[in-house]
Amino acid sequence: MLDANASQKRLTVPTQRGLHVEPLIGLEWSEALEQHNGAPATAPAEARRAWVHRAPEPQVLALFHAASAAEPRLAAPWWLRALAAGELGSRREGFAVEDRVAKLLDARPGWVFVPWGVDGDSGYWEYMPSERALAEPGMPTTLAHTHRHTGWVDVFPVHAGPQPAPIPVAGLPDLRANLSRLESLAPAA
């Protein structure tokens with residue numbers, strides 16, 4: 001289990017010239033993101049089983065800062081990046097954003113929660129009817145949370161081939177107001 005001093009631990013490995021100190025921060029971060037047990041999640045709240053979701057927030061932030069200093073492109077939940085940048089006040093605020101979006105999309109036909117994504121992510125949503133618009137295999141309209149802007153939501157239009165640029169959504173009211181339009185986007189060429 002990770003502890004408050006997790007970012008300070010080092011493994012000492014003997015070498016021919018003496019001792020070599022190797023940081024364990026990458027391994028510790030990987031363990032912090034590890035989802036433990038349970039049935040596949042059907043909503044973001046059910047996917048919050050990792051240490052980063054349950055451990056005291058100051059510990060999570062300290063480990064994230066140490067790990068991201070060693071690896072800037074570190075996999076991490078969107079809300080943790082926003083929290084570390086001072087754009088969210090707490091992890092709970094990030095969870096609330098995910099839960100409000102889940103409530104909206106779960107009530108609409110065609111939206112499916114996909115609990116696996118990149119490491120550390122809380123999953124994403126796919127609009128399955130959009131797949132029917134594709135002449136060849138591709139990706140349906142996808143909604144993902146992001147730390148790139150304070151609307152916290154990006155939509156990727158249905159597409160075959162390279163992923164199109166995300167469409168930033170300015171929060172839940174904007175998503176609610178434009179969801180029908182986002183669901184009806186034509187496939188990207």
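For this structure, a couple of remarks:
- First in the stretch 37-52 and more than 24 Å from Ala66 (Cα to Cα), second anywhere and at pLDDT 90 or above and surrounded by fewer than 17 Cβ atoms within 10 Å (Cβ to Cβ), Cβ under 7 Å, 6 or more apart: Ala43/Asp106; Pro44/Asp99; Ala45/Asp99
- Only one of Ser130, Ser122 that is of a type in the set (Ser, Thr, Tyr), in a loop (DSSP other than H, G, I, E, B), crowded, with 19+ Cβ neighbours inside 10 Å and in contact (Cβ under 8 Å) with a residue 40 or more places away in the chain: Ser122
- In the stretch 89-103, the residues that are open to solvent by less than 20 Å² (accessible area, probe 1.4 Å) reach residues that are part of a helix (DSSP H, G or I) with C-beta atoms within less than 6 angstrom, at least six apart or across chains, in these pairs: Gly94/Trp79; Glu98/Pro44; Ala102/Pro44.
- Single unsatisfied condition, Pro40 versus (1) modelled with pLDDT under 95; (2) over 13 Å from the mean Cα position of the chain (by Cα); (3) over 30 Å from Ser184 (Cα atoms): (3)
- Listed by position, the strands (runs of 3 or more DSSP E) contained in the stretch 134-189 that have at least 1 residues being crowded, with 17+ Cβ neighbours inside 10 Å and of a type in the set (Ser, Thr, Tyr) are 141-145.
- Pairs, first under 12 Å from Ser130 (Cα atoms) in the stretch 174-187, second of a type in the set (A, V, I, L, M), C-beta under 6 Å, six or more apart: Leu182/Val155; Pro187/Ala133; Pro187/Leu134; Pro187/Val158
- Qualifying positions in the stretch 66-88 - open to solvent by 50 Å² or more (accessible area, probe 1.4 Å), without any contact (Cβ under 8 Å) to a residue 40 or more places away in the chain and part of a helix (DSSP H, G or I): Ala69
- Residue in the stretch 104-119 that is least open to solvent (accessible area, probe 1.4 Å), counting only those that are part of a helix (DSSP H, G or I) and either touching a helix residue (DSSP H, G or I) at 6+ places or on another chain (Cβ under 6 Å) or more than 11 Å from Leu143 (Cα to Cα) (or both): Leu104
- Subset of the stretch 22-36 that is in contact (Cβ under 8 Å) with a residue 24 or more places away in the chain and more than 13 Å from the chain's Cα centre (by Cα) - its residue that is most open to solvent (accessible area, probe 1.4 Å): Glu31
- Where a residue in the stretch 145-164 is on the phi > 0 side of the Ramachandran plot and its partner, wherever it lies, is polar (S, T, N, Q) and part of a loop (DSSP other than H, G, I, E, B), with Cβ under 7 Å and at least six apart: Trp152/Thr146
The values are calculated or read from the model by the stated rules, or taken from the named source; none is laboratory data. Everything quoted here is computed from the prediction, not taken from an experiment. Note that each Cβ is placed from the backbone with ideal geometry, even for glycine, and that neighbours are counted across all protein chains shown. The protein model used for the area step is the full one, side chains on, heavy atoms only, and it has no ligands, DNA or RNA in it. Shrake-Rupley method; radii C 1.70, N 1.55, O 1.52, S 1.80 Å.
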